[in-house]
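Have a look at the structure below before the remarks.
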Amino acid sequence: MEISARSFLEDLLSAPGVSGYEQAVQEIVREYVKPFAEEIQTDLHGNVIATTNAGGSPTLMFDGHCDQLGMVVSHIDESGYLFFQTVGGWDPQQLVGQRVNVWAANTTVAGVISRKAIHLLTDDEKKKVVDPEKMWVDIGAKDRDDATSVISIGDPITVQLGIQEMWNGIANAPAMDNRSGVWVVFEAMRRAADKGLSCKLVVASTVQEEIGLRGARTAAYSIDPQVAIAVDVTHATDCPGVDKKQLGIIDLGSGPVVSRGPNINPRVHQRLESIAKTAEIPVQVAALGRAAPNDSNALQVTRAGVATGLVQIPNRYMHSAVETVALSDLDAAANLLAQFACGLSPEDSFVP
């Protein structure tokens, strides 16, 4: 991974981007894409949309959602403790004991998510998963006035951000879902931009996927692509407790997953597999027997329909503070998408 591309990934993973509060991430995207995009725009929802070879055909859209799970402040009690609502599909067991940041208007406030110490729990309480409604964030405030001098109702909260390196090219961070996808789509654009594209390539960092694929819907309607590929994460099955019979064999470091199923245009899928074979790009194939729970779902049914593909990064421990991926899978995915864009021409048909 080149130094500038690596810095881009680290910056993405260090920025807060709870669904609906993504603009710190989007500013990083806008800055990174300047050297190789002909046009950059931010729409009313906050999607960042970058275009290169605007006169080309057909219109190809790459999509990676930039939002992450988080929380928002819902109440500040008289002692200065913050209560919150979750944003997105948290496992409550992941939250207790986490270090967090509250992203107030003018500053960042450190805190911890707390509950009663185990010594003080009743036998019945010890057996139950604590409800997020019964958790709170302790920021060290003296009282409500102290807390509200900086923090407001609705301020977003994230777990502590940043990437942690592990062995063998493996890394974890709270927002790998889906900053890894954002990195892939814009790195693919960078690699393809100066290769004499025939297609019009439009790449979107979309918002609010975790609460209903909202950004992808509006971005795709505006872009009106003929072909689109969403990049997101998927469940790796190379860790204990995961059912390979249902999800298949999906390993970190064996390449991105090229998904097949009713949501996926068969010709887009076939082309992705063919490119991977010819270019010797490692990929894995997984079945998806339902409408995808990610942006590809929204892309497929935009306007009169879009020939849609789905490329996914294997991810251990999804929707946690330690989402874990192989960096080589990101690089392979960017290479795959860049070559897809470079090979696309006006004569190509994706009618099944």
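Observations
- Every residue from region 28-46 that is among the charged types (D, E, K, R) and either in contact (Cβ under 8 Å) with a residue 12 or more places away in the chain or surrounded by 22 or more Cβ atoms within 10 Å (Cβ to Cβ) (or both): Arg30, Glu38, Glu39, Asp43
- With respect to (1) under 14 Å from Met135 (Cα atoms); (2) surrounded by 12 or more Cβ atoms within 10 Å (Cβ to Cβ), the lone exception for Gln93 is condition (2).
- Matching residues, region 120-151, being touching a Lys or Arg at 6+ places or on another chain (Cβ under 8 Å) and not hydrophobic (A, V, I, L, M, F, W, C): Glu125, Lys134
- Considering the conditions (1) touching a Ser or Thr at 6+ places or on another chain (Cβ under 7 Å); (2) buried (at least 18 other Cβ atoms within 10 Å of the Cβ); (3) small (Gly, Ala, Ser), Ser345 is excluded by exactly one of them, (2).
Residues are listed down the side, and each one gets a yes or a no for (1) assigned by TED's automatic domain parsing to the domain that holds Pro256; (2) farther than 22 Å from Leu161 by Cβ; (3) of a type outside the set (Val, Ile, Thr):
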| residue | (1), (2), (3) |
| --- | --- |
| Leu310 | yes, yes, yes |
| Arg316 | yes, no, yes |
| Val325 | yes, no, no |
| Asp329 | yes, no, yes |
| Ala338 | yes, yes, yes |
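- Filter result for Glu10 (touching a residue at least 12 places away in the same chain (Cβ under 8 Å), out of contact with any helix residue (DSSP H, G or I) (no Cβ under 7 Å at 6 or more places or on another chain) and either surrounded by fewer than 20 Cβ atoms within 10 Å (Cβ to Cβ) or within 24 Å of Val233 (Cβ to Cβ) (or both)): yes
- The listed residues are Leu213, Leu272, and the only one of them that is among the aliphatic types (A, V, I, L, M), touching a helix residue (DSSP H, G or I) at 6+ places or on another chain (Cβ under 6 Å) and in the same structural domain as Ala37 (by TED's automatic domain parsing) turns out to be Leu213.
- Filtered residue count, region 271-298, keeping only those that are outside any loop (DSSP other than H, G, I, E, B), surrounded by 14 or more Cβ atoms within 10 Å (Cβ to Cβ) and of a type in the set (A, V, I, L, M): 6
- Against the conditions (1) surrounded by fewer than 22 Cβ atoms within 10 Å (Cβ to Cβ); (2) out of contact with any Leu (no Cβ under 9 Å at 6 or more places or on another chain); (3) touching a residue at least 24 places away in the same chain (Cβ under 8 Å), Gly70 satisfies every one except (1).
- Extreme residue, surrounded by the fewest Cβ atoms within 10 Å (Cβ to Cβ), among residues of region 299-325 that are more than 15 Å from the chain's Cα centre (by Cα) and touching a residue at least 24 places away in the same chain (Cβ under 8 Å): Arg303
- Selected residue (only one of Trp167, Trp136, Trp103 is within 24 Å of Ser14 (Cα to Cα) and without any contact (Cβ under 8 Å) to a residue 40 or more places away in the chain): Trp167
The values are calculated or read from the model by the stated rules, or taken from the named source; none is laboratory data. Every value quoted in this text rests on a predicted model; they were computed, and no experiment measured them. Note that we place each Cβ from the backbone using ideal geometry, even for glycine, and neighbour counts take in every protein chain shown.
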